[in-house]
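Worksheet for the structure shown next.
The values are calculated or read from the model by the stated rules, or taken from the named source; none is laboratory data. Just so you know, these numbers come straight off a predicted model, no measurement behind them. Every residue, glycine among them, receives a Cβ derived from its backbone with ideal geometry; neighbour counts consider all protein chains shown.
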Amino acid sequence: MSLLSKQNSEALLGPLNKNNPIAVQVLGICSALAVTSQLKPAIVMGLSVTIITAFSNVIISLIRKTIPNRIRIIVQLVVVAALVTIVSNILKAYVYDVSVQLSVYVGLIITNCILMGRLEAFALQNGPWSSFLDGVGNGLGYAVILVIVGFVRELLGSGCLLGVKLIPDSWLLENGGLYLHNGMMTMPAMALIIVACVIWVHRSCNKDIE
Amino acid sequence: MEHFFSLFVRSIFVDNMIFAFFLGMCSYLAVSKTVKTSVGLGCAVTFVLLITVPVDYLLQTKLLSADSFLGIDLTFLSFILFIAVIAAMTQLVEMFVERFSPSLYSALGIFLPLIAVNCAIMGASLFMQQRIQMNPDNAQYIGGVGDCLAYALGSGIGWTLAIVSLAAIREKMAYCDVPKPLRGLGITFITVGLMAMAFMCFSGLKL
């Protein structure tokens with residue numbers, strides 16, 4: 001019983017690539033698309049989901065033997081809703097501007113399919129420590145995709161990263177340069193197409209995934 | 001009356017749940033394989049929306065807000081209360097569908113109980129919570145149960161419209177020669193992206 005046995009490291013690292021929640025399991029798409037027009041909200045959202053997934057997995061795993069099977073969905077929802085309320089208030093207190101930007105999508109972590117999926121599929125059968133690792137792994141797998149999409153959209157859409165200008169104004173067309181920001185990238189529609197490209201690359205690299 | 005109508009049309013086309021806010025994506029992508037089941041799921045979502053949004057509106061204004069009869073600001077409890085209402089309503093719809101349309105019940109399978117965690121339903125309640133604080137002149141303002149009904153009906157119809165049209169496209173796309181790694185999920189995302197671009201044209205609509 002070492003802390004990182006083979007099975008546990010599989011639970012932690014699998015979701016980062018082979019078993020990615022967004023690209024392979026198709027869970028939690030809604031918020032992945034809506035919050036990624038800039039990099040900063042994407043990172044905050046990824047971290048919040050990782051924390052909530054990890055701790056809800058631990059709590060459900062601890063009480064898994066006492067929950068009656070028939071009402072387990074309600075119990076899971078209440079645990080998740082309580083954790084989301086805490087995280088939402090922490091975000092409001094410390095990073096108010098990001099929490100305004102994320103608006104309803106923080107509350108929508110409750111209905112994020114990754115949470116319910118991991119609780120049903122993993123935490124109800126496994127002990128707290130491996131559930132914790134599974135939650136962290138899946139949260140990070142989700143965050144990785146968010147960061148990739150946020151990176152591309154902010155860089156091409158407004159020439160910034162984390163609010164720092166990377167493409168100098170003198171390159172722009174109106175200042176005599178040859179560069180133009182791709183305004184389409186800040187629109188919601190492009191998020192879908194970038195996620196599609198991520199999936200395309202991911203599947204080309206992992207041929208065995210259906 | 002005019003506000004009622006404009007709220008209804010806006011929530012179908014301009015503030016479309018799928019194309020403007022990406023809410024309810026999981027079941028949207030998974031169930032949109034045939035037109036028939038997608039119509040059924042669309043109706044179920046519309047029905048749940050029509051009940052939960054007004055109920056959550058009454059809870060928000062009469063129980064949770066600071067000027068309710070309790071006199072305490074309890075809005076931090078709104079997430080838990082809203083999700084409880086939604087879960088209960090979904091249970092009701094599930095029993096209803098099982099009783100009156102067993103074929104639809106088996107076609108929807110796991111996605112019927114999963115309406116409880118459909119982001120579109122929770123999202124509509126959370127948007128309603130934001131919109132009651134808006135300026136009454138705003139086209140998105142919600143100021144009563146009537147407005148809630150218009151908003152819920154419009155959002156539900158918008159969601160149904162989106163899922164049925166995607167299902168129709170996917171039925172045709174089964175005969176297309178798509179590059180192998182894009183098949184299935186990838187090409188569906190690109191299709192939805194193109195549909196979202198088409199729906200962006202409605203955002204210029206002045207109502």
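At-a-glance table
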{"quantity": "Residue within the range A:160-170 that is within 17 Å of A:A42 (Cβ to Cβ) and facing chain B (nearest Cβ under 8 Å) present", "calculated": "no"}
{"quantity": "Residue match in the range B:88-105 (condition: under 19 Å from B:S11 (Cβ atoms) and either assigned to a helix (DSSP H, G or I) or facing chain A (nearest Cβ under 10 Å) (or both))", "calculated": "no"}
{"quantity": "Yes/no for A:I52 being assigned to a helix (DSSP H, G or I), without any contact (Cβ under 8 Å) to a residue 24 or more places away in the chain and within 14 Å of another protein chain (Cβ to nearest Cβ)", "calculated": "no"}
{"quantity": "Number of positions in the range A:86-98 that are assigned to a helix (DSSP H, G or I) and either charged (D, E, K, R) or more than 15 Å from B:S78 (Cβ to Cβ) (or both)", "calculated": "8"}
{"quantity": "Looking only at the range A:2-41, and only at residues there that are away from every other protein chain (no Cβ under 14 Å) and among the small types (G, A, S), the one that is farthest from A:N112 (Cα to Cα)", "calculated": "A:S2"}
{"quantity": "Index of the failed condition, A:V195 passing every other in (1) at pLDDT below 75; (2) assigned to a helix (DSSP H, G or I)", "calculated": "(1)"}
{"quantity": "Residue that is nearest to the other protein chains (Cβ to nearest Cβ) [pool: residues in the range A:102-131 that are assigned to a helix (DSSP H, G or I) and of a type in the set (S, T, Y)]", "calculated": "A:Y105"}
{"quantity": "Per-region count, the range B:1-37, residues more than 14 Å from chain A (Cβ to nearest Cβ) and in contact (Cβ under 8 Å) with a residue 40 or more places away in the chain", "calculated": "15"}
{"quantity": "Restricting the range A:128-178 to residues that are of a type in the set (D, E, K, R) and surrounded by fewer than 17 Cβ atoms within 10 Å (Cβ to Cβ), the residue that is farthest from A:T36 (Cα to Cα)", "calculated": "A:E174"}
